1. Which of the residues spanning region 178-192 are surrounded by 24 or more Cβ atoms within 10 Å (Cβ to Cβ) and under 21 Å from residue 251 (Cβ atoms)?
2. Return yes or no: is residue 90 assigned to a loop (DSSP other than H, G, I, E, B) and closer than 24 Å to residue 245 by Cα?
3. Only one of 152, 203, 196 is surrounded by fewer than 20 Cβ atoms within 10 Å (Cβ to Cβ), more than 16 Å from ligand 2 (Cβ to nearest atom) and within 25 Å of residue 293 (Cα to Cα); which?
4. Determine whether residue 227 is in contact with an Asp or Glu (Cβ under 7 Å, 6 or more places away or on another chain), on the phi < 0 side of the Ramachandran plot, within 15 Å of ligand 2 (Cβ to nearest atom) and touching a residue at least 24 places away in the same chain (Cβ under 8 Å).
5. Report every pair of residues separated by at least 6 positions or lying on different chains whose Cβ atoms are under 7 Å apart, first residue within region 58-70 and in contact (Cβ under 8 Å) with a residue 24 or more places away in the chain, second part of a strand (DSSP E or B).
6. Of the numbered conditions (1) away from ligand 1 (no atom under 14 Å from the Cβ); (2) modelled with pLDDT of 95 or more; (3) more than 21 Å from residue 237 (Cα to Cα), residue 143 fails exactly one; give the number of that condition.
7. Kindly establish whether residue 74 is within 16 Å of ligand 1 (Cβ to nearest atom) and under 30 Å from the mean Cα position of the chain (by Cα).
8. Return the residues of region 244-278 that are within 16 Å of ligand 2 (Cβ to nearest atom), touching a strand residue (DSSP E or B) at 6+ places or on another chain (Cβ under 7 Å) and farther than 16 Å from residue 330 by Cα; say none if nothing qualifies.
Amino acid sequence: MHPLSHGVAEVPGTAALILALLMLAGSAPSCKGWPWAGPADGEKAVGAGPSRTVVPEEPCGGSLADCGGICADLGSDPGNCGACGVSCGDGAQCEHGACVPRYGLFFGDLHGHSNLSDGVGTPLEYFAYCRDVSKMDFCALTDHDVGREALERISAAADEVNSPTFVALSGTEWTSSAYGHKVCIDVTQPCSAASEDCDTPAELHDAVLLGGGLCFAAHPAVSWPGTAPTDWSESDDAVEEAGEIYVSEDKMNEAWRDHGLRIGVVGVSDTHDGTPGSAGVTGCFATELTREGILDALESRRCFAARSRVNGSENPASLKLKINDHWMGEAVPAQAGLPLEISVDVDAPTIIQSITLKKNGRTIATKDDCRARDCTWSTAATLDGPAYYYAVVSTGGNTLWSSPVFFE
Ligand SMILES: [Zn+2]
Ligand SMILES: [Zn+2]
């Protein structure tokens with residue numbers, strides 16, 4: 001029953017006063033047909049005797065609900081989410097009647113070198129370039145196989161520049177000639193592939209887990225004399241959360257399809273000339289621009305990779321993939337016959353040439369008629385069993401890849 005109906009029936013003057021106050025306070029702006037002007041066809045009268053008054057059963061109308069005299073969309077109102085009075089609180093929003101975290105989009109570069117290994121410039125100069133010239137939101141310095149002293153210098157520089165507007169992360173690149181290279185960030189324990197007690201992936205994983213950091217496969221498809229491409233059978237997706245995709249999408253499909261790894265994608269510069277943020281870029285959807293926020297986004301794989309910046313300090317392109325409200329990176333139960341609503345959102349500084357949707361590495365749909373800088377594409381599919389889906393975007397010489405949504 002309408003909460004005001006008692007008042008309307010019994011004390012019309014009070015109800016009118018409440019109504020006037022509500023209108024003055026502007027607290028009922030979205031109600032269809034509010035203030036109520038009289039009964040419409042089909043509305044019934046309530047009450048009896050001389051004070052009989054007619055009120056509508058659903059004065060808010062449509063899909064709106066009456067929450068204490070305020071018409072609320074329970075599907076999207078963060079103060080009345082799913083039911084009257086259910087507040088989502090700070091940092092959350094209401095989607096389809098459920099409180100979900102509100103994410104901001106942040107860009108960064110997670111792989112590069114300073115003069116502590118074979119790059120140029122000091123750690124502080126590295127971070128300053130990333131923040132001030134490349135306009136990145138977050139950056140990791142990842143010199144090769146650093147020992148304890150060099151790792152402490154990286155950490156000190158990161159702590160010095162870390163701020164509410166720029167996240168600086170310490171890291172290292174584990175440079176194994178046998179297993180390939182792995183970048184590890186937010187590490188506190190040095191682990192050099194040149195040292196006998198840390199020259200296997202398992203030993204690296206133990207060291208990283210001790211320090212609470214995470215790793216990703218660096219240039220996983222690349223081999224050169226003395227360096228092997230990544231051997232995915234040695235990867236552990238509890239520690240290795242992503243892979244650099246810009247060198248080879250095929251190599252990432254090997255990890256996802258042939259090894260069942262639930263890992264995301266990152267784009268990096270791997271700069272050795274002191275210009276982090278100038279080439280490959282990672283975009284992450286995070287609850288906040290803090291170390292915790294960025295690391296959580298990476299662990300949740302709520303990130304996409306861009307092959308390049310292309311447009312200098314202009315905003316890089318962005319890509320968001322969601323399937324049935326699941327973010328890219330999520331692993332969800334595979335239910336055969338499940339209808340899928342797949343949505344891809346792209347924003348780019350140049351015209352979008354195509355968006356391709358891939359399932360298990362194979363193209364299942366392409367949109368090539370955006371001819372704009374931003375594009376939202378929705379398409380439907382039906383799940384026929386375990387599968388992973390990701391999107392690839394081609395725009396003005398750049399390529400973007402989303403992390404997959406995994407149905408398993
Ligand atoms: Zn490397
Ligand atoms: Zn490197």
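1. Scanning region 178-192 gives 180, 181, 182, 183, 184, 185.
2. When the stated conditions are applied, residue 90 does not pass them.
3. None of the other options fit; the residue is 152.
4. Criteria not met by residue 227.
5. Pairs found: 59/66; 60/66; 60/71; 64/71; 64/72.
6. (1)
7. no
8. 244, 245, 246, 267, 268, 269, 270, 271, 276, 277, 278
The values are calculated or read from the model by the stated rules, or taken from the named source; none is laboratory data. Small disclaimer: the values here were computed from a predicted structure and weren't measured. Reconstructed Cβ throughout: ideal geometry from the backbone, glycine too, with neighbour counts over all protein chains shown.
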